[in-house]
Amino acid sequence: MTGNIIIKNASQLVTCSGFKAKQGTAMSDLHIIDDGAVVIDNGVITAVGRTGEILEKFDEAGFNTIDATGKAVLPGFVDSHTHFVFGGYRAEEFTWRLSGEDYMEIMNRGGGIASTVNATREASREELIESGSNRLDSMLSFGVTTVEGKSGYGLDEETEIKQLEVMEELGRLHPVNIARTFLGAHAVPKNFQGREDMFIDYVTDNVMPQIAHRKLAEFCDIFCEKGVFSVELSKRLLTKAKELGLKLKIHADEIFPLGGTELAAELGAVSADHLLHASDKGIAELAKSHTVATLLPGTAFSLKESYARGRYIIDQGCAVALATDFNPGSCFSESVPLIFVLATLYMGITIEEAVTALTINGAAAVDRADRIGSIDVGKTGDVIILEFPSYKFIPYHIGVSCVEKVIKDGNLVFDKGKQISR
Ligand code: NIG
Ligand code: FE
């Protein structure tokens, strides 16, 4: 269902105007309208401007009206990298990491991703839908109106499909839009240990064709990492995915500088994600490409790794998106304000660039910059209203959400402190 709404008197209407990814210096321009108003008609933005001019042209009758005096209004956030559908939790792993064990050690002795794979294989669809829906509620409260979600906790045909079908169902049940990614090559399952190449063949020949044919996913991703999948195997899988019409994403250079960033640029991936150890050459190649550099500071924080070189990557001319990487292991957090504060305090990213990275560039990272990610005429009516007059409060209010209201497709779907029936 779509709605009609006029939001008026916004102290700042932060439009983030644009229909494609913003690279380098363009990331700083938020196209702010003071005393702004936005009209959403039938779920679509039909007018944007100063309140006086808009109200002259539009009769408020037939519209719900929200008075945003003293509040900043922004596009809904796009969290373009998460793994939010999974069974079980890994709280014990967090304590192991506190006592000094590292993420890859835990994974190599059968914990980590493998333990979530077991729990996800055992979980029923209903359980995954219920936990997934609760997680989407939480994301919505942080102002997220579109989220990307990956499979990758099945590593077999049945469970990979189950995860993607659960996301498809959640997309029908929940207001948050979901961009689905097939991550069948997220780890090497036990029965293929030491035979990564055969596992890649299994995924590409047996699982991927069905997923592409049934349109269960729009994107295909792989964990291209030392000790997981090499650049060569990643290329083999992603090339096949492209042939089948899937768009590409890569977990690239997260733990070790392997060359996943270069591969993303070479294959024309929609995004290259993590990039903690991306080389200068890889970053230069990304800057020349249309691939969005998706940085995930929550993961570096949680794993106590050094952050991706956000400032350098923007200065080289890349389009940067920021996302949570919400997952049960390396970053169990869907907190958008946490991402803002880490990016601005530790990656040298300005507040303006961070806003771009979570709106129009997040949209570009899920290939939707023509439809969402900015307050422009013709785009979907996904808008958030802050409790404060400026977007600058987002990182300043450390780790706490400033989002007061969320409007999705022209409907009020979240109002802080109030229960909304859907
Ligand atoms: O993006 N690195 C691989 N995948 C996830 C973590 C998944 C997990 O630990 O469950 C990541 O960090
Ligand atoms: Fe991830």
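The values are calculated or read from the model by the stated rules, or taken from the named source; none is laboratory data. Nothing here was measured: the structure is a model prediction, and the numbers come from that model. Please note: Cβ atoms are built from the backbone with ideal geometry, for glycine as well, and neighbour counts cover all protein chains shown. The area values use the complete protein model at the heavy-atom level, side chains included, leaving out ligands, DNA and RNA. Shrake-Rupley method; radii C 1.70, N 1.55, O 1.52, S 1.80 Å.
Quick notes on this structure:
- Matching residues, segment 296-321, being buried (at least 17 other Cβ atoms within 10 Å of the Cβ), of a type outside the set (A, V, I, L, M, F, W, C) and out of contact with any Phe, Trp or Tyr (no Cβ under 7 Å at 6 or more places or on another chain): 298, 299, 302, 305, 309, 310, 316
- Residue in segment 287-310 that is more than 16 Å from ligand 1 (Cβ to nearest atom), β-branched (Val, Ile, Thr) and more than 17 Å from the chain's Cα centre (by Cα) present: no
- Within segment 383-390, one or more residues are in contact with a Leu (Cβ under 6 Å, 6 or more places away or on another chain) and more than 30 Å from residue 246 (Cα to Cα).
- Condition check for residue 33: touching a Gly at 6+ places or on another chain (Cβ under 8 Å) and of a type in the set (Val, Ile, Thr): yes
- Filter result (among the β-branched types (Val, Ile, Thr) and in contact with a Leu (Cβ under 8 Å, 6 or more places away or on another chain)) within segment 272-295: 283, 294
- Summed over segment 404-418, the residues that are open to solvent by 60 Å² or more (accessible area, probe 1.4 Å) and more than 17 Å from residue 3 (Cβ to Cβ) give a count of 2.
- Matching option when the condition is in a loop (DSSP other than H, G, I, E, B) and surrounded by 23 or more Cβ atoms within 10 Å (Cβ to Cβ), among 374, 401, 421: 374
- Qualifying residue in segment 149-157 (condition: within 30 Å of residue 405 (Cβ to Cβ), assigned to a helix (DSSP H, G or I) and more than 15 Å from the chain's Cα centre (by Cα)): no
- Output for segment 125-143, where each listed residue is buried (at least 19 other Cβ atoms within 10 Å of the Cβ) and within 20 Å of residue 382 (Cα to Cα): 135, 136, 139, 140, 142, 143
- Failed criterion for residue 227 (all others in (1) within 15 Å of ligand 1 (Cβ to nearest atom); (2) at negative phi; (3) assigned to a loop (DSSP other than H, G, I, E, B) hold): (2)
- Counting only residues that are under 30 Å from residue 183 (Cβ atoms) and open to solvent by 60 Å² or more (accessible area, probe 1.4 Å), segment 41-89 holds 1 of them.
- Scanning segment 162-190 for residues that are modelled with pLDDT of 95 or more and either acidic (Asp, Glu) or in a helix (DSSP H, G or I) (or both) yields 162, 163, 164, 165, 166, 167, 168, 169, 170, 171, 172, 173.
- Residue under evaluation residue 120, criteria (1) closer than 29 Å to residue 247 by Cα; (2) more than 13 Å from ligand 1 (Cβ to nearest atom); (3) in contact with a helix residue (DSSP H, G or I) (Cβ under 9 Å, 6 or more places away or on another chain), criterion not met: (2)
- Residue that is more than 16 Å from ligand 1 (Cβ to nearest atom), in a strand (DSSP E or B) and aliphatic (A, V, I, L, M), where the choices are 13, 55: 13
- Pair list, Cβ < 9 Å and 6+ apart or interchain, from segment 184-202 residues that are within 13 Å of residue 222 (Cα to Cα) and open to solvent by 10 Å² or more (accessible area, probe 1.4 Å) to residues that are of a type in the set (D, E, K, R) and more than 16 Å from ligand 1 (Cβ to nearest atom): 188/195
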